[in-house]
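What follows is a single structure, written as structure tokens, with notes after it.
The values are calculated or read from the model by the stated rules, or taken from the named source; none is laboratory data. All figures in this text were calculated on a predicted structure; none of them were measured in a lab. Ideal geometry is used to build each Cβ from the backbone, glycine not excepted, and the neighbour counts take in all protein chains shown. Accessible surface areas use protein heavy atoms only, side chains included; no ligands, DNA or RNA. Shrake-Rupley method; radii C 1.70, N 1.55, O 1.52, S 1.80 Å.
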Amino acid sequence: MKKFVFASVMALASISLVPAPTLRAQDSITIKDPAEFNAYQMASTQSDPKAKAAALESFLTAYPQSVVKKAVLDLLVDTYGGLNDDDKSLSAASRLLQTDPNNMKAIYVSVAIKKKQGGRTGDAQTLDDASALARKGLATPKPADVSDDDWKKQTSATYPVFHSALALDDIVSKKDVKAGVDEYRQELMLIPPEATKSGTGLVDTLQIAEAYAKETPPDAVNAVWFYARALAFAPDSYKPVIEKKLDYWYKKYHGAMDGLDDIKTQAAATVFPPGGAPLIKAAATPPEIAHKVVVETPDLNKLNLSDKEFILENGTKEDADKLWALLKDKVTQVPGIVIEATASVIKVAVTPDAKEAKIADFTVNLKTPLADKDIPAVGFVFGLQTKGEAELDGTYDTFTQEIPATATPAPAAPPAPATATPAQAAPPAPATATPAQAAPPAPATATPAQAAQIVLRDGFIQLEKKKVAPVHKPAAGHHKAH
């Protein structure tokens, strides 16, 4: 399945992290060489961006050790950003970092461009570079000459992008989905709710939904919430794809589509899901489904064979025993696909899951051994003689319930650990340690490899008219069916 990702819509136009670089001869930095001063004035006052960039580059070539080198590189970052030239913007930002290693503008521009490039190509090194610079930006101390208010503006503009870059690197390069989810949450907490309705905020709202769906086990509840949030504000051309994912995960967790409209309404109104009561009711577990069928079916004998097997396999001991008491020693038809056959035993896949996995869930011990010519081939389909098909019959003898009759999940799917869930406060409020609205342990499901083993004795084949079952000489060895 192809992964669906928004194309990045983040523009790298320059943001005003610091006052626009201006320089006059009478300021604290003085250009003593008149020729250098004139060259700087000519380059910095160009009105055409391309001409300005070329003039600034020429100035740096002519005066590589100029006292205004930092200011010129800063201006180059802005100029290339205005031209939407990512490669040259990145080059200018990298040179600025060589001159001023803690320059927040240079760090920000470098992270933003490398994140975009790495996200487009999936190149791990590019994403790792963006991640390393993002961590550097988050750890950069406030410069002494920057006011608290200006520093707050700078960090408010840059920190969300840093967390976004860390998230993408965690998921794509490091394959650490959980860490990526945590970074996306930090990002979304740091931006105003309105900023999640478009641009990078909307892109990463969808990305966190994708990440929750890829956790082990998948966090269906949070995936549903953020898919619904992204759907509310996505461009019309993206809505069908997002809605398909939303519907899939909602039905997979809840078992039906009722209540989804309410989730959509809530998600459109707030960024994060509310705490407290479970957001979405989980679907009934297989034992609950089996019990419902047992108590609501007037005559269990009339259930089809697949439903009977489902109850034997998934029901509580009481429910399974109740059904087995009715089936024991009774003759039944066994329509299904032959998985293995000898002269005395035929193993058949009856349920849809067993057929798909090509695993036998019914074993029929024949009353009279078959002649070699009458042994059915692997893949032969037994049906109903009333429909003109070959029919396999047998008498219920024993069954083994392979899955314990509880709602305990399989060991391979442990409960999802709690994640940091933010309070619904104005960002950038810090996250509080609250149990996540994550999916509870996935209930044990009826997989073919865990299917109940139903054994029938006194089996016999009733051939369809004018036809016989294809002959199949069993190969050496024995294929064990579950």
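At full extension, Lys302 and Gln462 could sit 55.4 nm farther apart than now, given 0.36 nm per residue minus the alpha carbon distance. Taken one residue at a time, the phi angles of region 179-190 give Karplus couplings (6.51, -1.76, 1.60, θ = phi - 60°) of 5, x, 4, 4, 5, 4, 5, 4, 4, 5, 6, 8 Hz. Gly and Pro are set to x. Can you work out the PRE-style zone for Ala283? Point 7 Å along Cα to Cβ, and I want the residues of region 183-225 with backbone N under 15 Å. Taking a point 7 Å out along Cα→Cβ of Ala283, the residues of region 183-225 whose backbone N falls under 15 Å are 218-221, 224. Using only the C-alpha atoms, the convex hull of region 189-309 corresponds to 142 Å³ per residue. Protein heavy-atom surface of region 68-194, 1.4 angstrom probe: 51% of the accessible area is carbon and sulfur, with nucleic acids and ligands not counted. Solvent-accessible surface of protein heavy atoms, probed at 1.4 angstrom with all chains present, puts Thr297, Thr45, Thr99 in the order Thr45, Thr99, Thr297, largest first.
Residue separation of Ser198 and Val378 scaled by 0.36 nm, minus their Cα-Cα distance, works out to 59.1 nm of gained length. The 1.4 Å probe gives accessible areas that order Asp261, Asp170, largest first, as Asp261, Asp170. For region 142-251, the relative contact order works out to 18 percent when only alpha carbon pairs closer than 8 Å and six or more residues apart are counted. Only alpha carbons enter this Debye calculation for region 244-288, each as an equal point scatterer, and the log10 of I(q)/I(0) it gives at q = 0.19, 0.21, 0.30, 0.33 Å⁻¹ is -0.65, -0.77, -1.21, -1.26. On the principal axes of its alpha-carbon atoms, region 250-365 has extents of 67, 31, 20 Å, going from largest to smallest. Placing dummy labels 7 Å off each Cα toward the beta-carbon, the span from Ser47 to Gln266 is 5.8 nm.
Dipole size of region 139-181 about its Cα centre, with +1 on Lys/Arg Cβ and -1 on Asp/Glu Cβ: approximately 240 debye, rounded to the nearest 20. Across the options Thr205, Val177, Leu231, the greatest Cα extent toward the positive end of the charge dipole of region 112-232 (unit charges at beta carbon of Lys, Arg, Asp, Glu) belongs to Leu231.
Could you work out how far the C-alpha centroid of region 298-347 sits from that of region 25-67, in angstrom? Centre-to-centre distance over Cα atoms comes out at 88 Å. You can think of it this way: the chain between Val295 and Ala124 has 56.0 nm of extra reach, that is 0.36 nm per residue less the Cα-Cα gap. Looking at region 227-358, the accessible area is 50 square angstrom per residue; that uses a 1.4 Å probe and ignores ligands, DNA and RNA.
For region 323-365, with all protein chains in place and a probe radius of 1.4 Å, 56% of the accessible heavy-atom surface sits on carbon or sulfur. The alpha-carbon of Lys153 sits under 17 angstrom from the alpha-carbons of these lysines, leaving out residues fewer than 8 places away in its chain: Lys105, Lys142.
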